[in-house]
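Have a look at the structure below, then the notes.
The values are calculated or read from the model by the stated rules, or taken from the named source; none is laboratory data. Quantities reported herein were computed from a predicted structural model and do not represent experimental measurements. We place every Cβ from the backbone using ideal geometry, glycine too, and count neighbours over all the protein chains shown.
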Amino acid sequence: MYGAVIYGYMANVTRRWWVIIVCAFLLLCTSLSRLFAGVHFLLDVLGGLVFGFLLLLHLFFLAEPRLDRYAGSLSRR
């Protein structure tokens, strides 16, 4: 879940094609390593990815622009 949020945020902020590929590769490697190590089951990993991407969508992509506008309206001119 944290990997989906962190790597997704990094890929969105930089918006460079090579950063997106590296972040996707790291997320894939992290997910597969959790499976192969026996730490999580497949549904645990998939559920974490889905919940992480939903959290990323809601907090960073939808709420952040609104919070930036609100914080900008609070500052003195």
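In table form, for the structure just shown:
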{"read-out": "Close pairs (9 angstrom Cβ cut-off, 6 or more residues apart or separate chains): within 17 Å of V5 (Cβ to Cβ) in segment 26-49, among the acidic types (D, E) and surrounded by 11 or more Cβ atoms within 10 Å (Cβ to Cβ) anywhere", "value": "R34/D44"}
{"read-out": "Segment 63-77, residues that are among the hydrophobic types (A, V, I, L, M, F, W, C) and surrounded by 10 or more Cβ atoms within 10 Å (Cβ to Cβ)", "value": "A63, L67"}
{"read-out": "Filter pass, G72 being small (G, A, S) and at pLDDT 90 or above", "value": "no"}
{"read-out": "Check on C23, in a helix (DSSP H, G or I), among the hydrophobic types (A, V, I, L, M, F, W, C), in contact with a Phe, Trp or Tyr (Cβ under 6 Å, 6 or more places away or on another chain) and without any contact (Cβ under 8 Å) to a residue 40 or more places away in the chain", "value": "yes"}
{"read-out": "Filter result for F51 (at pLDDT 90 or above, among the aromatic types (F, W, Y) and surrounded by 12 or more Cβ atoms within 10 Å (Cβ to Cβ))", "value": "yes"}
